[in-house]
1. Which of rounded, prolate or oblate describes the range 64-160 when judged by the alpha-carbon gyration tensor and an a/c cut-off of 1.5?
2. For M1, M150, what's the largest-to-smallest order of accessible area, 1.4 Å probe?
3. How would you order 151-158, 222-229 from highest to lowest mean count of nearby Cβ atoms within 10 Å?
4. Nearest 0.05, what FRET efficiency do L127 and I184 give at R0 = 30 Å with Cβ-Cβ as r?
5. So which of K21/K199; K94/K180; K29/K92 end up more than 27 Å apart, counting from Cα to Cα?
6. Please find, in a Gaussian network model of the chain (springs between Cα atoms separated by less than 10 Å), the residue of V148, V132, V59 whose mean-square fluctuation is greatest.
7. Shape call for the range 30-89 from the C-alpha gyration tensor, a ≥ b ≥ c root eigenvalues: rounded (a/c under 1.5), prolate (a/b greater than b/c) or oblate?
8. In whole percent, what relative contact order does the chain give with Cα contacts below 8 Å and a gap of six or more residues?
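The values are calculated or read from the model by the stated rules, or taken from the named source; none is laboratory data. None of the values given here were measured: they were computed from a predicted structure. Methodologically, a virtual Cβ is constructed for each residue, glycine included, from the backbone with ideal geometry; neighbour enumeration extends over all protein chains shown. What goes into the accessible areas is simple: the full protein's heavy atoms, side chains included, and nothing from ligands, DNA or RNA. Shrake-Rupley method; radii C 1.70, N 1.55, O 1.52, S 1.80 Å.
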Amino acid sequence: MIDVIYLTGGKGKRAELGYPKQFARLKGKPLFIYGLETLRQINKIGRIIIPSDVTNSNVIRFLNEYNIENRYICEAGKTRQESVYNGLEHVKTKDVLICEAVRPFMSINLIRKVILADGDCVTPIDLSSASVIDILGNSYDRNDFGCVQMPQKYDTKKLFNAHAFCRGISSTDDMDLIYKYHKIYKEFPYYEEDHFKRKIIFHGERENIKITYPIDLKIAEAILSYKEGNKIE
């Protein structure tokens, strides 16, 4: 079994909805419910830990309405990084999955692939389909770059220690935090036991989009309509 940290505490300001984007409706269903329903179809998934605004009654109401069982709600942090750290304190399994509530098309196949990967630091990426340059105009091989996707799998103890050591160091996601952790502590051999020695990065799924901006909701509606159309045929 493997526990999940399902990040549901974001403010979603870039989505310009006036409320957290995870509660936006996609074909009538709250966005954050899609991923939960997918996770609950997998036998290997244990408890789903949900860092969230515990004062928001919508979270519990929707969880009950859609029969999401074996879940635990903890207080979200002020940042994504703090929310993961808070969630890690409640994980009881050797490994942990990190998921985002705003990826409605996270598939069963992708989740299983991440779980079964033999690594203590596993992440899918969406390889760049366009040319890649930095702000200075330097160009790179697009096949060497991609956007991080969820879910990610980590050795729970090692990830917890990395978070504890990197408190106060801003990080955009846990893979980014791991690299910063190694960079800071690589000169200290007594931290070697906590190093992630089996990093696995593989191609994710193009439709596994993250809802961030207003247009992403429109894209998600189109993807869902397409998927539903395929089911009808």
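1. It comes out prolate by the Cα gyration axes.
2. Result, largest first: M1, M150.
3. 151-158, 222-229
4. 0.60
5. In this structure, K21/K199; K29/K92 lie more than 27 Å apart at Cα.
6. Maximum fluctuation in the GNM of the chain, among the listed residues, is at V132.
7. Judged from the Cα gyration tensor, the range 30-89 comes out oblate (a/c at least 1.5, b/c at or above a/b).
8. Contact order relative to length: 23 percent.
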